[in-house]
Amino acid sequence: MKEVRILTLDNRGRIVIPKLIRKSLGITSSSQLMMVADSDTKEIKIVPMGLGGESVKYKILMKDQVGALAKILSVFGTRGISLVYEETIVVAKDKTAICTLIGPSPERDLEEFKQILKDEGEALEVEIIPLE
């Protein structure tokens, strides 16, 4: 069922998600939401994370070459880590790109997982940032 509402920002830029919508989506006061803003289309999308546990942002510097993204993503796939967001931007054509991913924190030491991304995924640099 789709719900359409027109919401108004308060003087601090906040919106209130109506109770009926929060209830139907299972959103509580401790839920995490992901907001994606597209300045080209002037659209904002807000999506419940629904991951359970701690969510993190992975910023990965990688080679800009065919198959590089597939190697990075296969590291997550083989470990059963389900990602909710992915964006890749070329920094220098045919040289480097930055891949930004959002998903659950890996169930292992973060430094160890960074090294796995470098070894198996051929990542050049990896930063893992907890979402607040």
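The values are calculated or read from the model by the stated rules, or taken from the named source; none is laboratory data. All values derive from a computational prediction rather than experimental measurement. Cβ sites come from the backbone with ideal geometry, for glycine too, and all protein chains shown count toward neighbours.
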**Item:** Condition met for E127 (under 17 Å from the mean Cα position of the chain (by Cα), of a type in the set (D, E, K, R) and on the phi < 0 side of the Ramachandran plot)
**Value:** yes
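Every residue, every condition in (1) modelled with pLDDT of 85 or more; (2) more than 15 Å from P130 (Cβ to Cβ); (3) part of a loop (DSSP other than H, G, I, E, B); (4) more than 13 Å from the chain's Cα centre (by Cα), yes or no:
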site: S31; (1), (2), (3), (4): no, yes, yes, yes
site: V36; (1), (2), (3), (4): no, yes, no, no
site: D40; (1), (2), (3), (4): yes, yes, yes, yes
site: I44; (1), (2), (3), (4): yes, yes, no, yes
site: G53; (1), (2), (3), (4): no, no, yes, yes
site: I60; (1), (2), (3), (4): yes, yes, no, no
site: Q65; (1), (2), (3), (4): yes, yes, yes, yes
site: K71; (1), (2), (3), (4): yes, yes, no, yes
**Message:** Scan the range 18-25 and tell me whether some residue there is out of contact with any His (no Cβ under 9 Å at 6 or more places or on another chain) and in a loop (DSSP other than H, G, I, E, B).
**Reply:** yes
**Complete:** Note on G80: of the conditions (1) of a type outside the set (F, W, Y); (2) without any contact (Cβ under 8 Å) to a residue 12 or more places away in the chain; (3) in a strand (DSSP E or B); (4) under 22 Å from D119 (Cα atoms), unmet is (3)
**Prompt:** Of all residues in the range 82-113 being aliphatic (A, V, I, L, M) and out of contact with any helix residue (DSSP H, G or I) (no Cβ under 8 Å at 6 or more places or on another chain), which is surrounded by the most Cβ atoms within 10 Å (Cβ to Cβ)?
**Reply:** I102
**Message:** With the requirement that a residue be of a type in the set (D, E) and either modelled with pLDDT under 85 or surrounded by 10 or more Cβ atoms within 10 Å (Cβ to Cβ) (or both), what does the range 1-29 give you?
**Reply:** E3
